[in-house]
1. Would you confirm, using the coordinates I've provided, whether B:I414 is buried (at least 20 other Cβ atoms within 10 Å of the Cβ), of a type outside the set (D, E) and farther than 26 Å from B:E453 by Cβ?
2. Can you give me the number of residues within the stretch C:181-209 that are more than 14 Å from chain B (Cβ to nearest Cβ) and either touching a Cys at 6+ places or on another chain (Cβ under 8 Å) or hydroxyl-bearing (S, T, Y) (or both)?
3. Is it true that some residue in the stretch C:55-67 is over 27 Å from the mean Cα position of the chain (by Cα), more than 14 Å from chain A (Cβ to nearest Cβ) and more than 21 Å from C:A157 (Cβ to Cβ)?
4. Among the residues of the stretch B:362-415, how many are aliphatic (A, V, I, L, M) and within 11 Å of chain C (Cβ to nearest Cβ)?
5. Residue check, A:G174 against (1) over 20 Å from the mean Cα position of the chain (by Cα); (2) more than 14 Å from chain C (Cβ to nearest Cβ); (3) part of a helix (DSSP H, G or I), all met but one. Which one?
6. Looking for something buried (at least 22 other Cβ atoms within 10 Å of the Cβ), free of Cβ contacts under 8 Å to residues at least 60 places away in the same chain, farther than 30 Å from C:I150 by Cβ and not charged (D, E, K, R) - is there at least one such residue anywhere in the stretch C:42-53?
7. Can you tell me which residue is nearest to the chain's Cα centre (by Cα) among those in the stretch B:31-46 that are at pLDDT 85 or above and surrounded by 18 or more Cβ atoms within 10 Å (Cβ to Cβ)?
Amino acid sequence: MKKTKINSNSLLLLITVVLFVVMYAGGCIIYSSKGFTHLQTFLNILINNAGLICVASGMTCVMLTGGIDISVGSLVAMDCMILAVGIEQWGWSSPVLMVLILVIGVVFGLVQGFCIAYLDIQPFIVTMAGMFFARGMTAVICRNQVSIVSDKIFTTLAGLKIELPFGGYMNKKGILQVPYLRITVIVALIVVILVYLMLKYTKFGRSIYAIGGNQQSATLMGLNVKKTKLKAYVLSSFLTSIGGICYCLNTMAGTTQQATGLEMNAISSSVIGGTLLTGGVGNVFGSLVGVLINGTISSLVKTNGKLISSWSNIITAILLCFFIILQSVFAKIKDSKK
Amino acid sequence: MEAGVVLKMQGICMTFPGVKALDHACLTLKKGEIRALMGENGAGKSTLIKCLTGVNKFEAGEIYLEGFNGPIVNKDTMDAQNKGIATVYQEVNLCPNLSVAENLYIGREPLTKIGTVNRKAMNRQAEELMKELELDIDVTRNLEDYSLALQQMIAIARAVDMDSKVLILDEPTSSLDDREVEKLFTMMRRLKAKGVGIIFVTHFLEQVYAVCDGITVLRNGQLVGEYNIEELPRVKLVAAMMGKDFDDLASIKQEGSGDKRKEPLVIEAKGLGHAGTIRPFDLDIHKGEVIGLTGLLGSGRSELARVIYGADRAQTGTLKVKGKEVKIKNPIDAMNLGMGLLPDDRKAEGIIGDLSVRENIILALQAKAGILKRIPMAKQIEIADKYIEMLQIKTASRETLIKQLSGGNQQKVILARWLATDPEFLILDEPTRGIDIGTKTEIQKLVLKLAAEGKSLIFISSEIEEMLRTCNRMAVLRDGAKVGEIEEADMNQMSVMKAIAGGDSNE
Amino acid sequence: MSSLKKITQKRLFLPIFSMILVMLINVIYDMACGNAPLTFFTVTIKNGVLYGRLIDIFNRGTEAAILAIGMTLVVSSSAGTDISVGSVMSLYGGMCCMLLAGYGNTNVSNYAVPLIIGIGAGLLTACVCGLFNGFLVAYMNIQPMVATLILWSAGRAIGLLLCNSQIVYVRVPSFQKIGGYVGFIPTPILIAAACILVASLVLKFTALGTYIQSVGINKKASRIAGFNSAKIILLCYVICGLCAGLAGMVATSRIYSADTNNIGLNMELDAILAVALGGNSLGGGKFNLAGSLIGAYTIQAIDTTLLALGVSTAQSPVFKAIVVILIVVIQSEPAKDFFKKLGKKKEMAKGAAQA
């Protein structure tokens, strides 16, 4: 009984980490001539996916309760549109808009969470309605693409390079290329760390795991299941809003078709990162690795240059499918043991 | 309240729609006593427990608890827990994905100054608790890493650490093996020494005599009696649980219904078994024979029938139907061989609640016909009306939803479903549970009629008289294995009860 | 009072009520615009084809109606929804047009392969998608919405892949006819009618309906009664895939091109909404196909009305999302309990007043 065995959950995470390493190493070998080996390539994956990292952190919390939130992609689009239109057409300053977006995120989460936790409606239906609502609202706010150019604070934030003291290299012209990060990456990493600590060390965090483990037991053990669920959905929408701001700092624009399929990326990142669809197992660092895998896939597809971009969607879907089936098989094995 | 008594329940009454679940039931529990609560299915054990823990609302009666002046009423399980009544269920109600320490303390974790969970303190406290209960468990590991028995004990530890006066163990041993059960008993005795009163619900007789001080027996929602363990040897206990009172319809079976052994074999099972539910068994059934399966709840009587029918797939052994060896993977295979099964859990496995009486009746016939051959509406109506008339099913119309019918009538509809397929071999698992006396007799008569028509039947019931009245032969089951058969000539109350009780019956 | 209650409890109350409501809004709108009050219902023949808002609704509502058939069965049998239908429609478009135009061509006026092969391959692809979804749900025990999420994302991407990320135009009259007119009647209306006819004949002359409902209501009991639940659920998903293919066929031929990014976009919402609006519980069990169909056309009527009111197609999801939420909230158990309590309170107040 005492000897340590690898249980199926850590096995899932292990597979993910190995997959990432193999994939990245493979990329380095195949595309070394195209600069895949540079540190900046890796940092770019982080920069491009900073928003997704925030979104996936929130998604992980919701999925740990055994739920799902597919409204996140549309919410990001709506956030971007509010920022863009707010700055360019209403003439608001960006800090005010950012606060507004966070408040909208909380309210959005409250409505969804209430329907799910207190009215017992399937999370998927509620958040799907939320998804279409947010997407439609994006079009209601503005139907055209709006680029952000006029707000100084915002453009400065977006342009800010945080240079790293190591890992530089000389390019062909002999100029030193210093690897850098963007502010969004810092935000995203802080989010990941905070969510990790929250999940591990707070009553709320542990309640989330308990609910995912066995909702009935959680109730019998005296936890407030409904309130915890509500909070989880609020947290998801709130983090999505932070992610939305990060996303916008990357794209510097609002369009109606922005961030389509982002929910898919967030869900697959969580699942690939070892979060069980049935809830209760997983952690936010796994999801971070999941995001990195997704990022690596699209980076590889882009570096290849000949493949069209929908390949990255397809590969992600195949991976998701693989991990879902893996989970289902593991669950079956576990059941049969009992 | 008398000295030394920690819990007293008096005159508890409770009705479910159409059924009197508890009729002035009583229970007294002393400090530092382990009391078995016994009774067959539908006796009202779990209902009584639920009344105590606040899950069910009882209509009359009082509950007295040590430390409270007047009668108490618990609003819900939390309320009961706060008053010192803790319950551990058959299924472990903990979270498998959390660590042992967390399972012990979640909802009341020790906190740090900044309000986060103090994991160190929690683990330390948990370790101390484990040491106190002499359990060798690493509290930082996940609960799912431990065996069910240990999980069960952790659940008990959680309950006990909440300063409970009364601990209810609701069939905690059904999924444990002998060694694990022994561990559990050690723990129970230790708690008893500490002065905790324990109510132990189980259907394993051995265990009752191994660990309990007293026995409270319920039957049909009423108190049969409260006994000290010495006063009540096994056979008397079985008698108390099953009841001996014959109702007025004494004998409906024709004497000397003849030896059916000369008739051709319909079912020959050799070494049939399913891991975890029923150990390999042999069983022969002849044409026109009614075989009774007897044994206490959980003895494997339902499971045996389910393996033959393919509701649980047989993992070992061979089955011959009318001399031909067959492989049954799914119920439909069994049906095509002329079998039918009326399951014991009517609600979960019998009725299709939102479909009408007509649809429920033709269901099995339709399944046999296949998806492409829809039974014409006129035929459906004809069949439905025929059985509503024949079985006197009380329903507003044939299009009434089955869930709106009473339990007895629902049962008749399921019976009609199988009769409509004209089966050669029919398994009736507790067909008379929870239905009124009149309907019971009707069903018993129907069983005999079917047998006279040359159909073979398996009849399972918790009531011995019922089986004595209908069966040609009985197979006895105990603890998941078939342990013997009783011939018609030897069948009487005493012999059956002795067989069920097993062991040294003079104990 | 009690007769009103009886009416509101009828299964078809919700869809018919909403249909009437939409019609009323149209009548009021027309009156406000100074048109004849019944403009909405007027059907005329213009340029040799039927013309009118009603015809438009029936024409445009074809995809939703066909999808609603499959979705109803899926919801009933598995208590979950197939959210991949929109993507599968798009995948049909990609497959069919790629074959008809030949891979890599973007604008053709001659078939590369016979029309029937293009359509057949497209429908077959759709069925395979259904098979995939059904396998995950029925045999791997994965929640329906998560299982269909995979194709929801990948379906469209594969479609794009088949078309090399481009919009493939097939400018052949016989192809356009599927989305055009037969005589003076719009072909989609005929296709929808045919699908509805086939579906109702199947339900009438086979036991499919009984099987599906039985499995949807009580899986365990259905197994004991001799049904193979997994097979039934699989079948439902395949049918749903086929329906998505047929809907894709209409949508593709309408624009005689494979615009993979836009074909079937958000159609899953319409299909699910149609089922819910039709008075079917999204929790599975009993179903009512007629209700779903009325629901589907009602949604189209809402769309058409919104368009007439000046709301763009990109914005209309806002309203639909609100309608979905309202319906599921009303259907939810806590809300039902709340209304029941409210009713009881009223009765008690009445009783008290009388006493």
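1. Numbers: buried (at least 20 other Cβ atoms within 10 Å of the Cβ): yes; of a type outside the set (D, E): yes; farther than 26 Å from B:E453 by Cβ: no.
Spelling it out, it is not the case that B:I414 is buried (at least 20 other Cβ atoms within 10 Å of the Cβ), of a type outside the set (D, E) and farther than 26 Å from B:E453 by Cβ.
2. Going residue by residue through the stretch C:181-209, those that are more than 14 Å from chain B (Cβ to nearest Cβ) are C:181-199.
Cutting the leftovers down to either touching a Cys at 6+ places or on another chain (Cβ under 8 Å) or hydroxyl-bearing (S, T, Y) (or both) gives us C:181, C:187, C:195.
Of the residues in that region, 3 qualify.
3. So the first thing to find is which residues in the stretch C:55-67 are over 27 Å from the mean Cα position of the chain (by Cα), and the list is none.
Looking through the stretch C:55-67, none of the residues is over 27 Å from the mean Cα position of the chain (by Cα), more than 14 Å from chain A (Cβ to nearest Cβ) and more than 21 Å from C:A157 (Cβ to Cβ).
4. As a first pass, look at the stretch B:362-415 and keep what is aliphatic (A, V, I, L, M): B:362-365, B:367, B:369, B:371-372, B:375, B:377-378, B:381, B:383-384, B:388, B:390-391, B:393, B:396, B:401-402, B:405, B:413-415.
Still in the list and also within 11 Å of chain C (Cβ to nearest Cβ): B:362-365, B:367, B:369, B:371-372, B:375, B:377, B:401-402, B:414.
Number satisfying all stated conditions: 13.
5. Among (1) over 20 Å from the mean Cα position of the chain (by Cα); (2) more than 14 Å from chain C (Cβ to nearest Cβ); (3) part of a helix (DSSP H, G or I), A:G174 violates only (3).
6. So in the stretch C:42-53, the residues buried (at least 22 other Cβ atoms within 10 Å of the Cβ) come out as none.
No: the stretch C:42-53 contains no residue that is buried (at least 22 other Cβ atoms within 10 Å of the Cβ), free of Cβ contacts under 8 Å to residues at least 60 places away in the same chain, farther than 30 Å from C:I150 by Cβ and not charged (D, E, K, R).
7. If we filter the stretch B:31-46 for residues that are at pLDDT 85 or above, which is where we start, we get B:31-38.
Still in the list and also surrounded by 18 or more Cβ atoms within 10 Å (Cβ to Cβ): B:33-38.
Values: B:E33: 25, B:I34: 22, B:R35: 20, B:A36: 16, B:L37: 14, B:M38: 12 Å.
Among residues in the stretch B:31-46 that are at pLDDT 85 or above and surrounded by 18 or more Cβ atoms within 10 Å (Cβ to Cβ), the one nearest to the chain's Cα centre (by Cα) is B:M38.
So that you can scan it fast, the table gives a plain yes or no per residue for (1) closer than 29 Å to A:I153 by Cβ; (2) among the small types (G, A, S); (3) crowded, with 18+ Cβ neighbours inside 10 Å:
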| site | (1), (2), (3) |
| --- | --- |
| A:I15 | no, no, no |
| A:Y24 | no, no, yes |
| A:G35 | no, yes, no |
| A:I47 | yes, no, yes |
| A:I53 | yes, no, yes |
| A:D69 | no, no, yes |
| A:S74 | yes, yes, yes |
| A:G86 | yes, yes, yes |
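The values are calculated or read from the model by the stated rules, or taken from the named source; none is laboratory data. It should be emphasised that the depicted structure is a prediction, and the values quoted were computed from it without experimental measurement. Methodologically, a virtual Cβ is constructed for each residue, glycine included, from the backbone with ideal geometry; neighbour enumeration extends over all protein chains shown.
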